[in-house]
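Novice: Sharing a structure with you now.
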Amino acid sequence: MIYKCDGIVIDNEPLIKDFIYLMKIKETKIAEYAKPGQFLEIKTGTLPLLRKPISIFAVDKVEGTISILYQVKGQGTKNLSQFKIGQSIDLMGPLGNGFAVEKFNKKCLLIGGGIGVAPLYDLGLRLKEVGNEVEFILGFSSKETSYAIEYFKELGPVKIATIDGSVGVKGTVGAILEDYDLTDISKAYGCGPEPMLKYLKTIEDEVDLELSLEAYMGCGLGACLSCVCKMNDGDYKRVCKEGPVFKAKEVSFDE
Ligand SMILES: Cc1cc2nc3c(=O)[nH]c(=O)nc-3n(C[C@H](O)[C@H](O)[C@H](O)COP(=O)(O)OP(=O)(O)OC[C@H]3O[C@@H](n4cnc5c(N)ncnc54)[C@H](O)[C@@H]3O)c2cc1C
Ligand code: FES
């Protein structure tokens, strides 16, 4: 079920001022039905006209709240950063398919790059709830632009990579994965920029891997086709409707 509703902003704190924010919203219906990896389409103001797709970072079904972690990029996300506590916010969701959550024999590895870490917190929480052990590999550009790591540490071991090496291993998440023993992993999940997802496809034969894709979205509801991405069999699928999560082996990043 998809709801269009007005949530109430309970909190909207900068984790890094003018860059990364964590917003908590009271919205019981979306909180009740949201699954990890799903997203919201948010009307952030009169302009931009289009709603903005933002992943669900955390859900508290008892409290009836959802949280989003977002990066200020353009007008829409700047508008979000200016929402005040108590203000109503126009939401549509939960949208998309979400990640597969079940009890696996071995550990789960969750790999995120930049703001792509956002859907992995709720995913980690739900995987743990059904009895899995979870580990994270998170990539950022530098120590100054890394965030939310303490949330992931609540759930399991976290390895960090930064491009400038100011914290963790120097390089991308690939620098950690090169030496990682994947035989201990039943299931891996990835979300991040396209170069990272392309890299992750190099491990798709070693581990069962799901990727959450990003795309420019119009309607967010499957109607406008602005979000289509190419599949390995030559077909195209809508990231907003059939995705955003796909089996790594299904997707193709070839032009
Ligand atoms: C399924 C999905 C889930 C997402 N989850 C989150 C999330 O949890 N947190 C978060 O901060 N962002 C998330 N995004 C990205 C977010 O939707 C965009 O950053 C946002 O729409 C930018 O809007 P804006 O008006 O602020 O900037 P715009 O003015 O629209 O864009 C600013 C800059 O960002 C680039 N940009 C905008 N959208 C995208 C995109 N989809 N992919 C690549 N580059 C883009 C533009 O080219 C431009 O250079 C998600 C996107 C998708 C498709
Ligand atoms: S955003 Fe319109 S079909 Fe996906």
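The values are calculated or read from the model by the stated rules, or taken from the named source; none is laboratory data. Every value quoted in this text rests on a predicted model; they were computed, and no experiment measured them. Don't worry about glycine lacking a Cβ; one is built from the backbone with ideal geometry, like all the others, and counts go over all protein chains shown. Just so you know, the surface numbers come from the protein's heavy atoms only, side chains and all, with ligands and any DNA or RNA stripped out. Shrake-Rupley method; radii C 1.70, N 1.55, O 1.52, S 1.80 Å.
Novice: So what is the calculated 222 nm ellipticity per residue for the chain, using -39500 (n - 2.57) for each DSSP H run with n of 4 or more, over all residues, to the nearest 500 deg cm²/dmol?
Specialist: Only helices count here, giving -4000 deg cm²/dmol.
Novice: Using Cα pairs closer than 8 Å and at least 6 residues apart in sequence, work out the relative contact order for the range 3-95, in percent.
Specialist: Once divided by the residue count of the range 3-95, the mean separation gives 41 percent.
Novice: A further question follows. Modelling each spin label as a point 7 Å along the Cα-to-Cβ direction, I'd like the Glu32/Asp6 distance in nm, to one decimal.
Specialist: Between Glu32 and Asp6, the label points sit 2.0 nm apart.
Novice: Hey, can you rank 208-215, 116-123, 2-9, 166-173 by average C-beta count inside 10 Å, highest first?
Specialist: So the peptides 208-215, 116-123, 2-9, 166-173, ranked by packing, come out 116-123, 208-215, 166-173, 2-9.
Novice: Among Gly45, Gly114, Gly234, determine the one that fluctuates most according to a GNM of the chain built with springs between C-alpha atoms less than 10 Å apart.
Specialist: Answer for the Gaussian network model of the chain: Gly234.
Novice: Tally up the carbon and sulfur contribution to the accessible surface of the range 99-211 as a whole percent, 1.4 Å probe, everything protein left in place.
Specialist: Roughly 50 percent of what the probe reaches on the range 99-211 is carbon or sulfur.
Novice: If I fit a long axis through the Cα atoms of helix 120-129 and take the longest principal axis of the Cα atoms of the chain, what angle between them do I get, 0 to 90°, rounded to 10?
Specialist: 70 degrees
Novice: Using every Cα-Cα pair within the chain, state what percent have a distance larger than 33 Å.
Specialist: For the chain, the fraction of Cα-Cα distances above 33 Å is 15 percent.
Novice: Still on this model: All other residues with a Cβ under 13 Å from the Cβ of Pro53 taken together, and with Lys, Arg as +1 and Asp, Glu as -1, what is their net charge?
Specialist: +4
Novice: In square angstrom, what is the accessible area per residue of the chain with a 1.4 angstrom probe?
Specialist: On a per-residue basis, the chain sits at 46 Å².
Novice: A follow-up question, please. Among the trypsin sites (Lys or Arg not before Pro) in the range 47-154, which ones are in a DSSP loop with at most 12 other Cβ atoms within 10 Å of the Cβ? Mind listing them?
Specialist: Lys61, Lys73, Lys84, Lys103
Novice: Taking 0.36 nm per intervening residue step and subtracting the Cα-Cα distance, what contour gain separates Lys153 from Asp60 on full extension?
Specialist: Taking 0.36 nm per residue and subtracting the Cα distance, the gain is 31.6 nm.
Novice: Mind checking the dipole of the chain: about its Cα centre, +1 per Lys or Arg Cβ, -1 per Asp or Glu Cβ, Debye to the nearest 20?
Specialist: With only Lys, Arg, Asp and Glu charged at Cβ, the dipole is about 760 debye.
Novice: I would also like to ask the following. For a quick protection proxy, order the peptides 156-165, 27-36, 10-19 by their average other-Cβ count within 10 Å, most packed first.
Specialist: 27-36, 156-165, 10-19
Novice: Give me the distance in nm between label points sitting 7 Å out from Cα along the Cα-to-Cβ direction at Glu194 and Lys230, one decimal.
Specialist: The two pseudo-label positions are separated by 1.0 nm.
Novice: So how far, in whole Å, is the C-alpha centre of the range 19-70 from the one of the range 100-150?
Specialist: After rounding, the separation between the Cα centres reads 18 Å.
Novice: How would the range 65-171 be classified by its alpha-carbon gyration tensor: rounded, prolate or oblate, with rounded meaning a/c under 1.5 and the a/b versus b/c comparison settling the rest?
Specialist: Oblate shape, in that a/c is at least 1.5 and b/c is the bigger or equal ratio.
Novice: Another question about this same structure. Under a plain spin-label model, where a point goes 7 Å from the Cα along Cα-to-Cβ, how far apart in nm are Ala223 and Leu182?
Specialist: 4.1 nm
Novice: Using a 1.4 angstrom probe on heavy atoms only, work out the carbon and sulfur share of the accessible area of the range 3-95 in %.
Specialist: 55 percent
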